[in-house]
Amino acid sequence: MRGPPITVRCDCGGIGYVPYSQSWACPTCRRTWNTSQIPAEEYWGIMREMRRLRLSVIAMALVLVVPIAALVPLAGLRILVLLPLVMSFWFMFYMPRWRRRVRERSRNLSKWELRPE
């Protein structure tokens, strides 16, 4: 499994996006930066946490939609009147809270100081 690219900022101001455990050579000053200096357990721990956050959204969507879909054969199409209420809860309450949590977690990620090779 491959994770998202890591942003590497060179001392000269160059920026590169490198997959984990690969090297990047700055086109300006020719320094080489190796992302395998980042501890693997920290990097993959962050990836697991981000995956868990994405899966929590999918689980919540299923918790809201499956009961309504299951009640359609019993209550008929009248149950679909609840759909606007469920969608308004989703977009006005749940998703803003979830986005705030993800942004806060992203801002508080550890920053690693790599040494040029």
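The values are calculated or read from the model by the stated rules, or taken from the named source; none is laboratory data. Computed from a predicted model, the values in this text were never measured in an experiment. Virtual Cβ from ideal backbone geometry, glycine too; neighbours counted across all protein chains shown. Heads up: the accessible areas ignore ligands, DNA and RNA and are worked out on the full protein's heavy atoms, side chains in. Shrake-Rupley method; radii C 1.70, N 1.55, O 1.52, S 1.80 Å.
Tally up the carbon and sulfur contribution to the accessible surface of segment 16-117 as a whole percent, 1.4 Å probe, everything protein left in place. Carbon and sulfur: 64 percent of the exposed surface of segment 16-117. The alpha carbons of the chain stretch over 68, 25, 22 Å along the principal axes, in descending order. About its Cα centre, the dipole of segment 63-113 is roughly 280 debye, where the only charges are +1 on Lys and Arg Cβ and -1 on Asp and Glu Cβ. Stretching the chain fully between M87 and L62 yields a gain of 7.7 nm (0.36 nm per residue, less the alpha carbon separation). In terms of its C-alpha gyration tensor, segment 38-81 comes out prolate, because a/c is 1.5 or above and the ratio a/b outweighs b/c.
Using 0.36 nm per residue and subtracting the Cα-Cα separation, the extra length available between S21 and W98 on full extension is 24.7 nm. Note on R30 and E42: the extension gain reaches 1.5 nm, defined as 0.36 nm multiplied by sequence separation minus the Cα-Cα distance.
Could you state the angle between the C-alpha long axis of helix 40-75 and the longest principal axis of the C-alpha atoms of the chain, as a value from 0 to 90 degrees rounded to the nearest 10? On a 0 to 90 degree scale, this one is about 10. What the chain shows is 72 Å² of accessible area per residue, with the surface traced by a 1.4 Å probe over protein heavy atoms. For the chain, find the longest principal axis of its Cα atoms and tell me its angle to the long axis of helix 95-107, 0 to 90°, nearest 10. Long axis of 95-107 versus the principal axis of the chain: about 10 degrees.
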